[in-house]
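A short write-up of the structure that comes next.
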Amino acid sequence: MTAESSNPGGSLLLAWQLKNKHVLIIGGGEVASGRIESVLIANARITIICPSQGLHSITKRFINGSHPITYHDRVFDGAEDLDDVDMVLTAIDDVAQSRIIYSLCRDLKIPVNVADIPDSCDFYFGSQIRDGPLQIMISTNGQSPKLANIIKKKIQKSLPNRAGEAIRKVGDLRSKLKDRAPGVGGEVSKRRMKWMVDVCTSWEMDDLALLNEETIKRLLDDGWETNSVPPPDDVVGRRNRTFDAAPTSIHVFPCMVAFIAGAACAGVLLFSRHR
């Protein structure tokens with residue numbers, strides 16, 4: 001990117017791994033309930049601090065369910081509430097108190113998001129699309145959540161059917177391939193990546209979604225071992241390849257299908273090289 005074409009003022013978009021991390025959520029209203037759901041999906045441990053009269057019905061269901069949530073029926077009590085916390089999310093109506101919490105978090109180097117106060121946020125929540133392992137975030141850098149939601153709906157309508165299932169099956173294929181041809185770096189790793197990308201860009205999304213343990217083995221035997229990509233009919237069978245002619249079918253969006261499948265495949269392989 002050249003200096004002339006750069007567009008400063010954006011955010012670094014990341015997939016933040018929160019598994020078994022401790023997230024403190026201050027507040028329990030409607031906004032907080034959305035934060036809770038997002039954090040639970042990431043397999044985090046949650047502590048909620050909010051007086052019971054301020055709890056939204058959805059928040060109550062989360063607290064009363066089997067989720068890894070600790071609940072305190074009170075207001076935020078100061079820096080001691082931040083002990084052993086990895087992330088803080090506030091969603092309360094008290095702006096002055098929110099700014100105090102933000103300052104405490106900054107002093108303790110705890111990443112914090114303060115709802116509706118963009119300049120008191122280390123990160124923002126975007127509008128998300130989730131289909132199994134597929135996650136897409138649309139961010140406006142805190143400037144217009146409503147427009148982010150409108151854009152999200154437009155993207156959802158253009159996504160191919162069964163994208164999430166196809167990505168999961170590609171992950172299974174990648175795992176089996178690594179068992180068969182182990183190694184990090186070097187020629188084997190380069191060949192694995194190229195072959196996986198060739199499969200993802202040669203097969204349609206619905207074909208990839210049809211893979212199972214038996215057909216994955218067949219694809220590896222007939223494709224990987226001969227350094228080729230057999231057609232889907234030879235692997236999953238023509239009889240199983242009856243696709244719905246829905247408006248969002250991959251036949252309407254071939255470029256998007258190739259991009260998503262190729263990017264997902266290359267992404268998981270690159271990630272595996274850096275673990």
* Would you kindly identify the helices (runs of 4 or more DSSP H) lying entirely within the stretch 133-238 that contain at least 1 residues that are open to solvent by less than 50 Å² (accessible area, probe 1.4 Å) and touching a residue at least 40 places away in the same chain (Cβ under 8 Å)? => 145-158, 163-180, 186-202, 205-209, 213-222
* Quick check: is even one residue across the stretch 38-55 under 28 Å from the mean Cα position of the chain (by Cα), at pLDDT 95 or above and surrounded by fewer than 14 Cβ atoms within 10 Å (Cβ to Cβ)? -> no
* Return only the number of the condition from (1) in contact with a Gly (Cβ under 8 Å, 6 or more places away or on another chain); (2) over 15 Å from Ala32 (Cβ atoms) that Asp86 does not satisfy. => (1)
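Is it fair to say Asp107 is on the phi < 0 side of the Ramachandran plot, modelled with pLDDT of 95 or more and of a type in the set (D, E, K, R)? Steps first, please.
On the way: on the phi < 0 side of the Ramachandran plot: yes; modelled with pLDDT of 95 or more: yes; of a type in the set (D, E, K, R): yes.
Answer is yes for this residue.
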* What is the residue count in the stretch 75-94 for residues that are in contact with a strand residue (DSSP E or B) (Cβ under 9 Å, 6 or more places away or on another chain) and either open to solvent by less than 70 Å² (accessible area, probe 1.4 Å) or at negative phi (or both)? -> 13
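Among the residues of the stretch 22-37, which ones are open to solvent by less than 50 Å² (accessible area, probe 1.4 Å) and out of contact with any Phe, Trp or Tyr (no Cβ under 6 Å at 6 or more places or on another chain)?
Result: His22, Val23, Leu24, Ile25, Gly27, Gly28, Gly29, Ala32, Ser33, Gly34, Arg35.
The values are calculated or read from the model by the stated rules, or taken from the named source; none is laboratory data. All values derive from a computational prediction rather than experimental measurement. Note that each Cβ is placed from the backbone with ideal geometry, even for glycine, and that neighbours are counted across all protein chains shown. Note: accessible area is taken over every heavy atom of the protein model, side chains too, but ligands, DNA and RNA are not part of it. Shrake-Rupley method; radii C 1.70, N 1.55, O 1.52, S 1.80 Å.
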